[in-house]
Amino acid sequence: MTTNLTGEAHRPGRIEVVCGSMFSGKTEELIRRMRRAQFAKQRVEIFKPSIDVRYSEEDVVSHDQKHIQSTPIDSSASILLLAGDIDVVGIDEAQFFDDGLVDVCNELAYRGVRVIIAGLDMDFRGKPFGPMPALCAIADEVTKVHAICVRCGSLAYVSHRKVAGDRRVLLGETQEYEPLCRECYQKEMRGEK
């Protein structure tokens with residue numbers, strides 16, 4: 001909160017996006033930023049898609065079991081209804097939300113809310129995923145985090161799906177996905193090992 005020249009209080013809104021492949025620490029970074037806001041006595045609310053029940057139906061949980069309380073929702077429009085008097089809004093697994101999330105985040109930022117978004121920037125085919133490309137475009141800050149390729153140790157590029165299926169959304173963990181660098185991903189797609 002800042003004070004302008006006439007002495008009025010002003011909350012500068014902003015949009016921060018944390019993106020990357022699976023196992024890169026996106027949710028862990030979201031939790032870290034949200035905990036810092038809580039420590040600063042800011043009013044926070046975290047939202048996640050209700051379909052994500054991998055570790056918990058209620059909490060946002062990172063792969064290394066860090067967790068924070070959240071509100072599961074079915075559509076991005078619910079965020080505006082539930083984030084009435086909030087200073088900081090966190091959104092996890094943003095790639096699973098509808099495209100309306102972009103307008104919701106802009107509306108919150110224009111209201112003076114800090115919006116922190118975590119999500120996959122690409123699907124298992126290496127294609128831009130859901131509203132993430134548009135969120136990156138409107139963000140005040142984009143942080144791209146990287147996992148480590150499980151085959152060669154380079155920075156990972158994509159979340160490679162290890163199980164058969166063409167459905168774009170398949171919730172999973174290390175049994176279903178692995179982080180691969182661009183070169184190892186191309187080798188996998190060509191059938192090389």
Given the conditions (1) among the acidic types (Asp, Glu); (2) outside any strand (DSSP E or B); (3) modelled with pLDDT of 90 or more; (4) open to solvent by less than 80 Å² (accessible area, probe 1.4 Å), and given that GLU16 satisfies all but one, which numbered condition is not satisfied?
-> (2)
Meets criteria (touching a residue at least 40 places away in the same chain (Cβ under 8 Å) and part of a strand (DSSP E or B)) for GLY90 | yes
Selection status of VAL53, touching a Lys or Arg at 6+ places or on another chain (Cβ under 9 Å), at pLDDT below 90 and among the aliphatic types (A, V, I, L, M) = no
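Taking only region 108-158 into account, find how many residues are surrounded by fewer than 21 Cβ atoms within 10 Å (Cβ to Cβ) and in a loop (DSSP other than H, G, I, E, B). Quick ask: steps written out before the conclusion?
Quick first cut of region 108-158, residues surrounded by fewer than 21 Cβ atoms within 10 Å (Cβ to Cβ) only: 109-112, 122-123, 125-128, 133-134, 136-146, 148, 150-155.
Subset that is in a loop (DSSP other than H, G, I, E, B): 111-112, 123, 125-127, 139-140, 146, 150-154.
Qualifying residue count, region 108-158: 14.
Test CYS136 against the criterion of being farther than 27 Å from GLN42 by Cα and at pLDDT 95 or above, and give yes or no.
Against the criterion (farther than 27 Å from GLN42 by Cα and at pLDDT 95 or above), CYS136 does not qualify.
Name the residues in region 83-101 that are over 15 Å from the mean Cα position of the chain (by Cα) and surrounded by 22 or more Cβ atoms within 10 Å (Cβ to Cβ), would you?
Of the residues in region 83-101, the ones over 15 Å from the mean Cα position of the chain (by Cα) are 83-87, 100.
Scanning region 83-101 gives a single hit, ALA83.
The values are calculated or read from the model by the stated rules, or taken from the named source; none is laboratory data. It should be emphasised that the depicted structure is a prediction, and the values quoted were computed from it without experimental measurement. No Cβ is skipped: glycine too gets one built from the backbone with ideal geometry, and neighbour counts run over all protein chains shown. Remember, those area values only see protein heavy atoms, side chains included, never the ligands or the DNA or RNA. Shrake-Rupley method; radii C 1.70, N 1.55, O 1.52, S 1.80 Å.
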